[in-house]
Ligand code: 5MM
């Protein structure tokens, strides 16, 4: 077993999953503002400390994805976040993309940036304790979208990122997110997700990415949030598993879904329903952001007196997802 394969397996095995706490400064700040918390560097640190000090987190969480700012911050006990996670037996990951920007030639679509200097940044994060990384590509379903340009540019960037991470000893989480925004049907989402994943694996192979040393982080196949369609849980599970079976090689150790704006309970139900399919070659787990931490943030609202209650809410979501597995 290679070192990369071992890390990837640790991330997706034993009914554990990944917690995505890597909101960029802008996203984290607006989420704090929404719950009445001033978006300062210190408040972002306090909030992330609340998350990682949740009791028994390591029973259901294998890895936490951090943003650059958090990666360099310390907890009240003087340990850095990666050091503290390591003490708990949780792997520390780092978001290395620098965000999705308008794609030249198709400005209503996005290309994720961050390849410049990535080799050096990977080496730096690895020295500071990262074992895995994350890069998110964003694709929308709409009139003539996603365009071939947007798909090609994004899967190319994902594959170059994955190769650079593996060269530097980090397991790349490869995240091609087809957004839930829009009026598309479940069937359209399945068709687009399948086609994006097909292009992605062609590009990963072209770039000689070692497939047993990655974790795929896709969207679940769901109907557009503005479609008025509410497919049954079993239909979402079937459509998602069909898209994955058609495209994801068996050598990939695990698939860790993003939640993409689904309610926490719905995301957990969908994850649970996918465990009922026989003979799937990969582990199916979670790498949720909002579906794990959203209710805790709502409970906390910056009130130190609500800290324990917020941690209990986070713990309940993490345990529910582990149980769904
Ligand atoms: C946690 O949010 C991540 C970073 O977002 P920005 O760079 O846009 O601030 C995001 O990539 C997240 O990891 C994925 O979208 C999965 O989170 P959800 O909430 O969709 O499960």
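The numbers here are math on the coordinates, done by the rules we state, and not lab data. All of these numbers come straight from a predicted model, not from anything done at the bench. Glycine gets a Cβ as well: all are built from the backbone with ideal geometry, and neighbour counts include every protein chain shown.
Taking the fewest neighbouring Cβ atoms within 10 Å as the starting point, the ordered list for 110, 134, 306 is 306, 110, 134. Distance from the Cα centroid of segment 144-184 to that of segment 70-98 is 25 Å (rounded to whole angstrom).
Judged by the ratio a/c of the largest to the smallest principal axis of the C-alpha gyration tensor, segment 20-152 counts as prolate, that ratio being 1.5 or greater while a/b is larger than b/c.
Size check on segment 144-242: the Cα extents along the three principal axes, sorted descending, read 45, 28, 17 Å. With R₀ fixed at 25 Å, the C-beta to C-beta distance from residue 183 to residue 42 puts the FRET efficiency at about 0.05.
Normalised by residue number, the volume inside the convex hull of the Cα atoms of segment 1-70 is 99 Å³ per residue. Each Cα pair under 8 Å and six or more residues apart adds its separation to the average, and for segment 183-225 the resulting relative contact order is 80 percent.
Dividing the summed -39500 (n - 2.57) terms of all DSSP H runs of n ≥ 4 by the residue count of the chain sets its mean residue ellipticity at 222 nm at -14500 deg cm²/dmol. Each Cα pair under 8 Å and six or more residues apart adds its separation to the average, and for segment 3-324 the resulting relative contact order is 19 percent.
Each principal axis of the Cα atoms in segment 3-324 has its own extent, and those three values, largest first, are 49, 43, 41 angstrom. Put a dot 7 Å past the Cα of residue 308, heading toward its Cβ, do the same for residue 86, and the two dots end up 3.2 nm apart. Here the label points at residue 59 and residue 242, each 7 Å from Cα along the C-beta direction, are separated by 3.8 nm in the simple model.
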